[in-house]
Each structure stands twice: as structure tokens, then as C-alpha cells.
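Scroll down for the structure; my scribbles are underneath it.
Here, each number is a calculation from the coordinates, and none is a lab measurement. Quantities reported herein were computed from a predicted structural model and do not represent experimental measurements. Because the Cβ atoms are built from the backbone with ideal geometry, glycine has one as well, and the counts that use them run over all protein chains shown.
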Amino acid sequence: MTVRIAPSVLSADLGRLKEQLAAAEQGGAEWVHVDVMDGRFVPNLTFGAPLIRALRKLTALPIDVHLMVLEPEHFIDEYADAGAAVFTFHPEATVHVQRQLARVRERGMRAGLALNPASPLGLVEEVVEDLDLLLIMSVNPGFGGQRYIEAATDKIRRARALLQSRGSAATIEVDGGITADTIRAPWSAGADTFVAGTAVFGEADPAEAVRRLKRACGTAV
Ligand code: DX5
Ligand code: ZN
């Protein structure tokens, strides 16, 4: 397994987005993570499809969209058209989860489900075959800069075992509080994709910050 870093634009300086993305890419970042919040599913309001369209022109990296919104099904077509590569939503936010996962794939995006710290793995058990990605939240979503919740590590271990037992090669992504100090535990537990906002864009040198995260996993860069 190789480490994949997905810097979150939530923590970027939007006035210097192009420059900041270029730095992250130069440091070896594989994806760009975009946190879409609706002020209802989470207590914060952020971006929508216009930012995805703008990012498409600024970077060649795949755009990893994390929807923290109620009824994410209304956005599948719009985000596919905007150029999203990954479409991840929370299972509690919609009624017909399996149908929406299938629609995401039909539109050529990777289909992901995200689990809040209190949400059990059982919420995805019946749809493992429909998943390309499982996002384990290691903070309660809504804001950047929070502290990694240690219990996420064991959940990742159980998530990897679940996927393996079902023959799934889905990606396990972890989101929240990832730093050079916290990344090692979820990596060892079986996560392969790491969202990092503050730890990349909160640093003066985002390229070096991405390298530092990879080094912390023991991956030479
Ligand atoms: C939290 C978001 C995260 C956020 C992570 O609600 O889902 O993607 O950007 O920020 P850091 O890395 O600062 O915890
Ligand atoms: Zn996120």
C-alpha cells in the first residue's frame, strides 16, 4: 500500500489558492480534498460546485469531494459535471444510500461513504460492494484544526478487516487532526489516504509539509 495525501482546501489561503495547490502538488500530494458543508448536517457553511470548477482549471490532481450536507443526492450530477473524481457522503444524510452510491459510479466518480466518530461501521456493512472509498472521520466534522480522536485508529483496523473479509479493495481515508505526529497510527492500522488541512496549508512551506507527512509514515520522498 502506498500513502496518498489529500490536502484540504478548507485550510488554504483562498487568495493564493493556485500557488498553494502548486506547492502541495510539488511536495507529492496525490489528491485535493474539498469539504462541502451546508450549515445543516454540520454547523458550518463552505463551498459548492463553482469551487470545483475553478479547481479543475488550477490543478490536474483528482478532486476528492467530501459532502457534509443533507440529501447529497441532489448534487451528484452537478459535481460530476464540475469535474469531481471522488464523491463521498455521510450515510445518515440520505435515505437510499445504495441507490446513491450506484448513481455516483454511473456518473464516473468513485463512490465514498463517510462515518462520523460515533457512527458504527455497521452503517456500511450492507453496501461494501458498492464502495470505492470509506472515509473514517477522526474529528467531528465541521471545522479544520481539531485534534485527532484516538478511537479512530481501532475503527480503521476494523474497517480494513471488514473490507478484506469481503474482498474489497476500497480505499480507507482518514480525515481530521492528521499531522506528522498522528499519521503513523492510522497508517499502521490500514488507512492509505490522509486528508490534511492545517498540517499542510497552515505551514509556511506546504510542499515540505506534505513530504513530512509521508516521511512520518516511513515512505521515502
Ligand atoms: C473537517 C473536514 C476536514 C478538515 C480537516 O470537518 O472534513 O477535511 O479540512 O482539517 P484538519 O486537517 O485541519 O483537521
Ligand atoms: Zn473532509
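More than 19 Å apart: what percent of Cα pairs in region 142-205 qualify? Let's see the in-between values first.
Values: 666 of 2016 pairs.
Summing the P(r) of region 142-205 above 19 Å gives 33 percent of all pairs.
Among DSSP beta bridges lying fully in the chain, give the percent that are antiparallel, nearest 5.
Values: 1 of 32 bridges.
Roughly 5 percent of the beta bridges in the chain run antiparallel, per DSSP.
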> Quick one: length gained pulling A54 to R215 fully straight, 0.36 nm per residue minus the C-alpha distance?
Replying inline: 54.9 nm
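Could you give the length gained on full extension between R107 and D154, defined as 0.36 nm per residue of separation minus the Cα-Cα distance, in nm? Intermediate results must be reported in sequence, preceding the final value.
On the way: separation 47, 0.36 × 47 = 16.92 nm, distance 3.30 nm.
Once the chain is fully extended between R107 and D154, it gains 13.6 nm.
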> Tell me, what is the Rg over Rh of region 4-216, with Rh the Kirkwood radius over Cα pairs?
Replying inline: 0.93
> How large is the helix-only mean residue ellipticity at 222 nm for the chain, computed as the sum of -39500 (n - 2.57) over DSSP H runs with n ≥ 4, divided by its residue count, in deg cm²/dmol to the nearest 500?
Replying inline: -9500 deg cm²/dmol
> Non-local amide H neighbours of I5 (under 5 Å, H modeled in plane, Pro and chain starts lacking H): which ones?
Replying inline: E30, W31, F194
> What residue among G122, G27, G190 shows peak mean-square fluctuation when the chain is described by a Gaussian network model with Cα springs under 10 Å?
Replying inline: G122
> What are the ³J(HN,Hα) values, in whole Hz, obtained from phi via the Karplus relation 6.51 cos²θ - 1.76 cosθ + 1.60 with θ = phi - 60°, for each residue of region 57-67 in sequence order, with x given for Gly and Pro?
Replying inline: 7, 8, 8, 8, 5, x, 9, 9, 9, 10, 8
>> On the principal axes of its Cα set, how long, how wide and how thick is region 92-173? Give whole Å, largest value first.
In response: 36, 28, 21
>> Could you tell me the calculated FRET efficiency between N44 and V127, based on Cβ-Cβ distance and R0 = 35 angstrom, to the nearest 0.05?
In response: 0.80
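For the pair Q164 and E203, what calculated FRET efficiency results from E = 1/(1 + (r/R0)^6), where r is the Cβ-Cβ distance and R0 = 22 Å, to the nearest 0.05? Don't skip to the answer; put the middle values down first.
Working: r = 35 Å, r/R0 = 1.57.
Approximately 0.05, to the nearest 0.05.
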> Which of the lysines could a cross-linker bridge to K57, judged by Cα under 26 Å and excluding same-chain residues fewer than eight apart?
Replying inline: K18
